[in-house]
Amino acid sequence: MEGAVNEVTEVALSTVFLSEAFGTAILMLLGCGVVANVVLPRTKGNGADWLLISFGWGLAVFSGVYVAHASGAHLNPAVTIGMLARHNAEYAPGVTITPASTVVYLVAQFLGGFVGALVCWLAYKKHFDAAGEEGVATIGVFSTGPEIRSYGWNFVTEVIATFVLVYVILVFGETPSELGPLAVAMLVVAIGACLGGPTGYAINPARDLSPRLVHTLLPIPNKVSSDWSYSWVPVLGPIVGGALAGVAAMVIG
């Protein structure tokens, strides 16, 4: 009927869970994959530069966002927390913000991060073996680490980078364009190129914590430390940055 209001169909939480988990898994498979291609021995991309890693992560986000369209493609607890802090009514069209939906998003993201990192290891299995034999550290494929270890300043860097990510994503929602996921992908490339140098720009707790756990559990030959002493920085930094971005978006618009 002409003039009728289009109603948004409620999205089942099971759909939200599968969407976020699969999208985050694709994000991590491709994101960890580009790092593996650059740092592991005897790969086609071994020795490539930081720009390839930045673009690889951007395209990983681009792919994951399309996969997770049904849930609004958060793919990142910092984004979910930012929307919660902004006092949005919905996480995505048809997904009301409730304690249950919040838990579903977060659990799916951390599980997806674990699965994606595990599948990346399978794809590069022989190169991880070669890395162990040659004494090449592999933790960088799975998680981030600082170039200059200073926990307080590393934390500040992650807060700033995640604030930029989440605030700009929220602004994208208010300034719709035809770019879709490409806009978020290019934002991630920009953060990697401009703010990624100090800490490797985790900007996503699920991107760092779940793959770090995978590294701990995997039977990689001659594996060195998973650097758990640093692990709180890429978890708490993005959470704080995402929350601040949500509050800023609510106040500033």
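Results, tabulated for the structure shown:
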quantity	calculated
DSSP H segments from the chain that extend 24 Å or more along their own axis, Cα-based, with Kyte-Doolittle mean of -0.5 or above	13-39, 50-67, 99-123, 151-174, 233-252
Descending Cα extents along the principal axes, segment 61-178, whole Å	52, 33, 32
Environment charge of Glu20, counting only residues whose C-beta is closer than 15 Å and scoring Lys/Arg +1, Asp/Glu -1	0
Point-charge dipole on Cβ atoms (K/R +1, D/E -1) for the chain, about Cα centre, debye to 20	660 debye
Rel. contact order, % - alpha carbon contacts under 8 angstrom, at least six apart, segment 139-236	47 percent
Shape parameters for segment 7-68, alpha-carbon atoms, Rg then Dmax in Å	15.3, 54
Estimated 222 nm signal from helices in the chain, with DSSP H stretches of n ≥ 4 weighted -39500 (n - 2.57), rounded to 500	-21500 deg cm²/dmol
Dimensions in Å of the chain - Rg and Dmax from alpha carbons	18.2, 69
Probe 1.4 Å, protein heavy atoms only - accessible area per residue of segment 62-188 in square angstrom	45 Å²
Relative contact order (percent, whole number), the chain, Cα cutoff 8 Å, 6+ residue spacing	29 percent
Long-range HN-HN contacts of Glu90 with modeled amide H, under 5 Å	Ile97
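The values are calculated or read from the model by the stated rules, or taken from the named source; none is laboratory data. A quick note: this is a predicted structure, and the numbers were derived from the prediction, not measured. Glycine gets a Cβ as well: all are built from the backbone with ideal geometry, and neighbour counts include every protein chain shown. Each accessible area value is taken on the protein alone, full model and side chains, heavy atoms only, with ligands, DNA and RNA left out. Shrake-Rupley method; radii C 1.70, N 1.55, O 1.52, S 1.80 Å.
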